[in-house]
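The values are calculated or read from the model by the stated rules, or taken from the named source; none is laboratory data. Quick caveat, the model's predicted, so the values are computed rather than measured. Note that each Cβ is placed from the backbone with ideal geometry, even for glycine, and that neighbours are counted across all protein chains shown. Only protein heavy atoms, including side chains, enter the accessible area calculation; ligands, DNA and RNA are left aside. Shrake-Rupley method; radii C 1.70, N 1.55, O 1.52, S 1.80 Å.
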Amino acid sequence: MDLKSHISVKNLNVYYGAEHALKNINIDIPDRRITAIIGPSGCGKSTLLKSFNRLVDSIEGVKVTGEVSVDGENIYGPDVEITHIRKKMGLLSQRPFPLPMSIYDNVAYGPRIHGTKNRKVLDETVEKYLKIAHLWDEVKNRLNKPASKLSIGQQQRLCLARGLAVEPEIILGDEPTSALDPKSSRAIEERFMELKNDYTIVIVTHILRQAKRLADYVVFLYLGELIEHGPAREIFENPKEEMTKEYIKGIIS
Amino acid sequence: MDLRKTEENIFKGLMIASTLAIALCTGLILVTIFVKGFSALSIDMITQTPKGGFYLGKEGGILNAIAGSLYLASGATFLSFCMSMPVVVYMNVYAKRNSGFVSLVRFFLDIMSGIPSIVYGAFGFSIMLLLGLRASLLLGIISVAILIFPLMCRAIDEIFKMIPDELGDVSYSLGATKFETGFKVLVRQAMPGISTAILLSFGRAIGDAATVLFTAGFTDSLPGSLLRPIATLPLAVFFQLGTPVAEVKERAYASALILTIIVLAISIIARFLCRKFTVHIIK
Ligand SMILES: Nc1ncnc2c1ncn2[C@@H]1O[C@H](COP(=O)(O)OP(=O)(O)OP(=O)(O)O)[C@@H](O)[C@H]1O
Ligand SMILES: [Mg+2]
């Protein structure tokens with residue numbers, strides 16, 4: 001498989017104070033594919049994901065060295081506009097976090113802070129992305145109701161629509177289905193499958209079956225080290241490293 | 001098994017006892033000011049300023065103190081709020097998470113809120129003397145604002161601390177700046193807590209006597225200018241209680257009753273507003 005890289009990580013190290021959470025990571029995340037980051041709990045999956053949009057360095061005592069390039073631009077470089085980098089990426093967290101406002105305002109928040117004021121344009125944007133997230137039919141009659149009143153599964157789809165509304169190129173998901181019921185999880189997975197033609201998607205997951213279902217590319221971390229990465233089929237069917245084999249068989253977890 | 005049950009019962013008993021003790025104290029205070037003050041309460045009390053001989057039991061009312069206290073407490077609460085919000089947003093949004101500097105600021109604010117109000121009053125007074133100023137509404141507002149600032153700041157800060165980091169992260173990940181995240185997202189989430197903090201501070205501001213004693217002075221006329229002294233309810237209570245005339249003493253309790261009713265009314269209004277703010281809150 002010949003893959004164009006979208007996010008390129010070079011010699012990335014992340015320290016939480018004295019704790020060396022990511023050790024010299026080098027990977028290329030392929031463009032317009034679904035990449036799954038797998039590995040046991042505490043191995044640094046979330047840290048790696050958050051270093052893609054620089055949410056890690058908002059914590060006191062965190063030190064980051066190395067490079068992460070998005071579209072060829074090092075986001076840890078001295079004069080990067082951080083809001084500009086973040087606008088390129090939508091984030092789905094483990095538990096959905098709607099903003100404390102109405103359903104409509106949640107989706108419109110991103111476009112508004114980036115300067116869209118025209119009500120008609122906003123209406124169209126909100127409708128478009130709620131439809132892409134397959135939430136429109138369920139909420140079209142109560143767009144001005146609080147987002148907190150939606151079910152958890154609906155909230156996660158709302159968060160997806162909200163992230164897409166800033167027109168990112170990349171979608172990051174940190175175990176985006178782990179708080180959801182099976183039906184809602186499937187809904188999110190289906191959206192990812194639809195979206196992967198247009199977006200680069202990176203998800204962290206604990207669920208190997210989910211990684212098998214979704215991923216084109218797999219990154220396996222263990223205790224902060226990158227053990228193996230490659231096309232999903234190779235990793236699952238023919239892993240090179242002993243550790244990967246054991247993890248996939250469920251011996252280490 | 002039995003032991004655990006006894007333990008449970010002991011603690012339950014203690015909780016009930018302390019609740020009752022607090023309820024009893026509150027009840028007794030309310031009953032005292034009501035019984036002693038209700039007979040002196042009249043329309044004149046709340047619509048008139050003191051007339052000649054008011055302090056000897058003749059006609060007039062305490063409108064000067066009611067108005068003065070409302071002006072003073074509103075002004076001080078507003079000023080303190082304007083000082084608190086930037087500090088709180090700085091500590092919770094601009095500073096890095098778990099920053100040592102922020103812990104230090106919190107520590108100093110906690111010390112400040114432990115300082116007795118007479119010290120703030122004396123401090124204000126000495127500054128006043130130094131600058132050659134006279135007691136006035138403005139100085140009263142500034143002193144009381146400084147008195148309630150640490151309380152308000154920490155109350156709002158605690159609300160912000162309770163907001164999960166993820167909510168801020170959501171906003172950042174959409175490309176929002178710290179300013180947008182702080183004022184468009186986190187403030188909304190904190191709204192009910194902020195309104196409670198404002199109310200608490202207002203209660204403290206309107207009830208404090210020691211700070212205003214030297215800085216706001218006292219007068220029999222209605223507040224007219226920021227630069228003139230004003231009357232306040234706690235001092236009205238204090239002065240009236242200090243006279244030997246029985247009628248005036250009764251009026252002191254009536255004044256206390258009015259003060260209590262104002263604070264109560266504001267709590268009820270704030271509760272009501274609070275409910276309006278909670279609709280969008282993420283739990
Ligand atoms: N804010 C923090 N401060 C200090 N250490 C942290 C912090 N966040 C994470 N760590 C540490 O960094 C390491 C990697 O954490 P991370 O959250 O990235 O793991 P993870 O693979 O996402 O785990 P999980 O699957 O449980 O979510 C862990 O050892 C963790 O204790
Ligand atoms: Mg994680």
Over 19 Å [Cα-Cα, the range B:116-217], rounded percent: 54
Distance histogram for the range A:130-241 (every C-alpha pair counted, 5 angstrom bins, percent rounded to whole numbers): 2, 10, 20, 22, 17, 13, 8, 4, 3, 1, 0
Ratio of Rg to Rh over chain A (Cα coordinates, Kirkwood Rh, two decimals): 0.97
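What does the structure give for B:159-166 when I average, per residue, the other chain Cβ atoms found within 10 Å of the residue Cβ? Write out the running numbers ahead of the final one.
On the way: counts 0, 0, 0, 0, 1, 3, 4, 8.
The mean count of partner-chain Cβ atoms within 10 Å per residue comes to 2.
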Karplus-derived HN-Hα couplings along the range A:18-23 (A = 6.51, B = -1.76, C = 1.60, θ = phi - 60°), whole Hz, x at Gly and Pro: 7, 7, 8, 7, 10, 10
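Out of every Cα-Cα pair in the range B:160-222, what percent are more than 16 Å apart?
Numbers: 1200 of 1953 pairs.
The share of Cα pairs beyond 16 Å in the range B:160-222 comes to 61 percent.
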Inter-site label distance for B:F34 and B:I16 at 7 Å from Cα along Cβ, in nm: 2.5
Qualifying aspartates and glutamates (Cα of each under 12 Å from Cα of A:K63; at least 8 residues distant if same chain): A:E19
On Cα atoms only, tilt of A:119-132 relative to the major axis of chain A in degrees: 50
Nonlocal amide H pairs with A:Y222, under 5 Å, H built at 1.01 Å: A:I227
Computed [θ] at 222 nm, deg cm²/dmol, chain B (DSSP H ≥ 4; -39,500 (n - 2.57); rounded to nearest 500): -24000 deg cm²/dmol
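Going through the cross-link list A:K88/A:K117; A:K196/A:K249; A:K45/A:K87, which pairs have a Cα-Cα distance over 26 Å in this structure? Working shown, then result.
Working: A:K88/A:K117 20 Å; A:K196/A:K249 28 Å; A:K45/A:K87 21 Å.
Listed pairs above 26 Å: A:K196/A:K249.
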Local net charge near B:I269, Cβ-Cβ under 15 Å (Lys/Arg +1, Asp/Glu -1): +3
Equivalent ellipsoid, the range A:61-202 (semi-axes from 5 times Cα gyration tensor eigenvalues, Å): 26, 19, 14
Cα coordinate range in the range B:159-283, projected on the principal axes (Å, largest first): 68, 30, 22
Residue-level accessible surface for B:F108, protein heavy atoms, 1.4 Å, Å²: 110
Karplus-derived 3J(HN,Hα), 6.51/-1.76/1.60, for each residue of the range A:160-168, Hz, glycine and proline x: 5, 4, 5, x, 5, 5, 8, 6, x
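If I require 30 Å or longer along the helix axis, counting alpha carbons, and a Kyte-Doolittle average no lower than 0.5, what helices from chain B are left? Use full DSSP H segments. Working shown, then result.
On the way: long enough: B:2-37 (52 Å, 0.95); B:63-89 (38 Å, 1.49); B:137-162 (36 Å, 1.83); B:246-277 (47 Å, 1.18).
Counting only whole DSSP H runs, the qualifying helices are B:2-37, B:63-89, B:137-162, B:246-277.
Show B:K96, A:K120, A:K87 ordered by accessible area, largest first, where the area counts protein heavy atoms only and the probe is 1.4 Å.
Working: B:K96 85, A:K120 135, A:K87 65 Å².
Final ranking, largest accessible area leading: A:K120, B:K96, A:K87.
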Number of Lys pairs (Cα under 25 Å; 8 or more positions apart or on different chains) in chain B: 16
Within straight-line cross-link reach of A:K240, aspartates and glutamates at Cα separation under 14 Å, skipping those fewer than 8 residues along the same chain: A:E228
Cα gyration tensor shape of chain B, rounded if a/c is under 1.5, else prolate or oblate by comparing a/b with b/c: oblate
Inter-chain shielding of A:60-71 (mean C-beta neighbours from other protein chains, 10 Å cut-off): 1
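Count, for each residue of A:98-106, the Cβ atoms from other chains sitting within 10 Å of its Cβ, then give me the mean as a whole number. Please list the in-between numbers first.
Details: counts 4, 13, 16, 7, 2, 0, 0, 3, 2.
Mean inter-chain Cβ contacts per residue within 10 Å come to 5.
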Debye intensity ratio in log₁₀ form over the Cα atoms of the protein assembly as shown, taken at each q of 0.07, 0.11 Å⁻¹: -0.58, -1.00
Estimated FRET transfer efficiency when R0 is 45 angstrom, pair B:T26-A:K140 (beta carbons, to 0.05): 0.35
